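First up is the structure itself, then whatever we jot down about it.
The values are calculated or read from the model by the stated rules, or taken from the named source; none is laboratory data. Owing to the predicted nature of the structure, the values given are computational and were not obtained by experimental measurement. Don't worry about glycine lacking a Cβ; one is built from the backbone with ideal geometry, like all the others, and counts go over all protein chains shown.
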Amino acid sequence: TYRVGYNSALYSVFLRRDGTLPMTGELNMGGNNISNAKDITASGMISSGILKSTGLTDIGGQLLVTGTSLLKGAVSTNGSLTVDGITTLKNSLTASGNITSSQKIQGVELASTGRTSVGEYLQINGTATENTVCAPNGLQGRDTKGMLLSCVNGKWQSGAANSLSMYALSDSSCISVNALTGSCSCQTGTKAISMVQIKGTPGVPAVPGTRRPDPESQRRHDACMHASGGQQASCPPVTYITTPGTPAIPGTPGYGIYACVKK
């Protein structure tokens, strides 16, 4: 007997519409579409040239993309975002928390609406010339030697112009320099005023010693020479009185101490 009904073994080779028979092999659609499907559940890989979703795409594991990802809307993540390569933003970056970097943060202008704290040194590369025009007031710069300059009333001014500095001269020789100029001179924007003047004293030249005959010895010698008819050998010699000289006494130099005050 050969049964060919709905429940026959011959009929079981066909895909039943009620879902009672699972697929026992691969399903080849021959390049045709699958339309009006609801949920598709798979335990393996879904391979497709283009994956298009018009609604929510829920991925429980990792999303591995080997090409470029183009996102036309906003991107939101509840966790961390790690980027191994360069991140290029063509618009603004807004952060409600801290931005931390172990390397340089570089930009055309750094604007802070609050306090700016620098943990080490602050390097100012902008150089200016003192007493030249600047704007706006409050700018900070430096001169070529590293002296800080501030834009005050439209001109670059150094704090040194308001600082007291001094130098000392000794008979026109510099003996103590101005710490701000490195010489016996005043910094730009200041003038020198005399604080202390000590006049020098002239030196005393050396006085040579003297040697003169003793008057009494000379008298006896002359009398003997007269009595002996000029026989000097029998007469006592003339003795001399020696007066020592005095060495030279050097003079003392004059000193002048000058303070640099604002003009």
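Looking at segment 208-263, the strands (runs of 3 or more DSSP E) lying wholly inside it that each contain 1 or more residues that are farther than 25 Å from V196 by Cα sit at 210-213, 240-243.
Scanning segment 176-218 for residues that are of a type in the set (A, V, I, L, M) and surrounded by 14 or more Cβ atoms within 10 Å (Cβ to Cβ) turns up V177, L180, A192. Residues satisfying the criterion are absent from segment 114-132 (criterion: under 17 Å from G189 (Cβ atoms), free of Cβ contacts under 8 Å to residues at least 24 places away in the same chain and exposed (fewer than 15 other Cβ atoms within 10 Å of the Cβ)).
Entry remark, segment 127-180: residues being of a type in the set (A, V, I, L, M) and at pLDDT 90 or above number 9 in total. Against the definition (at pLDDT below 90 and within 60 Å of the chain's Cα centre (by Cα)), how does G200 come out, yes or no? Here the answer is yes, as G200 does meet what is asked.
All conditions in (1) assigned to a loop (DSSP other than H, G, I, E, B); (2) in contact with a strand residue (DSSP E or B) (Cβ under 9 Å, 6 or more places away or on another chain) hold for S194, with the sole exception of (1).
In this structure, is S217 free of Cβ contacts under 8 Å to residues at least 60 places away in the same chain and under 30 Å from G141 (Cβ atoms)? So S217 does not fit the description; no. Selection within segment 128-157: residues that are over 18 Å from L180 (Cβ atoms), of a type outside the set (A, V, I, L, M, F, W, C) and not in a loop (DSSP other than H, G, I, E, B). The member of this set that is nearest to the chain's Cα centre (by Cα) is Q140. Of the residues that make up segment 133-141, is at least one surrounded by 10 or more Cβ atoms within 10 Å (Cβ to Cβ), touching an Asp or Glu at 6+ places or on another chain (Cβ under 9 Å), free of Cβ contacts under 8 Å to residues at least 40 places away in the same chain and outside the structural domain of G189 (by the TED database)? No, segment 133-141 contains no residue that is surrounded by 10 or more Cβ atoms within 10 Å (Cβ to Cβ), touching an Asp or Glu at 6+ places or on another chain (Cβ under 9 Å), free of Cβ contacts under 8 Å to residues at least 40 places away in the same chain and outside the structural domain of G189 (by the TED database). Picking from residues in segment 236-263 that are touching a residue at least 40 places away in the same chain (Cβ under 8 Å) and aliphatic (A, V, I, L, M), the one that is farthest from A223 (Cα to Cα) is V261.
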